[in-house]
Amino acid sequence: MAEGTEKIAEMTFEQALSALEGVVRKLESGEVPLDESVDLYARGEELRKACQARLDAAQARIDKIVTGPDGKPTGTAPFDGES
């Protein structure tokens with residue numbers, strides 16, 4: 001499979017992030033023709049969405065440990081981002 005044509009859904013988070021970084025580098029170089037830039041931008045947006053979805057899913061799975069008054073763990077609760 002040629003570079004940049006991997007299916008995003010089959011990529012790991014790390015692969016998608018690396019591919020997104022590659023897209024950004026190419027776009028920032030300013031050396032890519034306009035038509036290719038548009039295609040790269042579209043792929044970059046899809047990669048960004050995939051990475052964000054995976055981050056959101058990971059965040060939803062994080063639990064915080066709940067402690068009782070004695071400081072001992074009593075269970076877990078969904079992580080809500082608050083301390």
Given charges of +1 on the Cβ of Lys and Arg and -1 on the Cβ of Asp and Glu, with all other atoms neutral, how large is the dipole of the chain about its Cα centre, in debye to the nearest 20? 380 debye
Can you tell me the orientation of helix 34-61 relative to the chain, as the angle in degrees between its alpha-carbon axis and the longest Cα principal axis, to the nearest 10? 10 degrees
Please compute P(r) over all alpha-carbon pairs of the chain, binned at 5 Å starting from zero, and give each bin as a whole-number percent. 3, 13, 18, 15, 11, 9, 8, 7, 7, 4, 3, 2, 1
For the chain, compute the number of Lys pairs whose alpha carbons are separated by less than 27 Å, excluding pairs fewer than 8 positions apart on the same chain. 5
Those GluC sites (Glu not before Pro) from segment 2-83 that are DSSP loop and have at most 12 other Cβ neighbours within 10 Å turn out to be 3, 31, 82
Quick one: with all protein chains in place, what share of the accessible area of the chain is carbon or sulfur, to the nearest percent (1.4 Å probe)? 55 percent
Please name which of 77, 33, 16 has its Cα lying farthest along the dipole of the chain towards the positive end, using unit charges on Cβ (Lys, Arg +1; Asp, Glu -1) and the Cα centre as origin. 77
Whole number in Å², please: accessible area per residue of the chain, 1.4 Å probe, ligands, DNA and RNA not counted. 78 Å²
Between the helical axis of 13-29 and the dominant principal axis of the chain, each derived from Cα atoms, what acute angle in degrees is found, rounded to the nearest 10? 40 degrees
Calculated from DSSP helices alone, with each H run of at least 4 adding -39500 (n - 2.57) and the total divided by the residues of the chain, [θ]222 nm to the nearest 500 comes to -19000 deg cm²/dmol
Under 8 Å for C-alpha pairs, at least 6 residues apart: give me the relative contact order for the chain, rounded to a whole percent. 23 percent
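The values are calculated or read from the model by the stated rules, or taken from the named source; none is laboratory data. Here the structure is a predicted model, which means the values were calculated and not measured. FYI the Cβ positions are ideal-geometry reconstructions off the backbone, even for glycines, and counts take in every protein chain you see. The accessibility values were calculated without ligands, DNA or RNA, using every heavy atom of the protein model including side chains. Shrake-Rupley method; radii C 1.70, N 1.55, O 1.52, S 1.80 Å.
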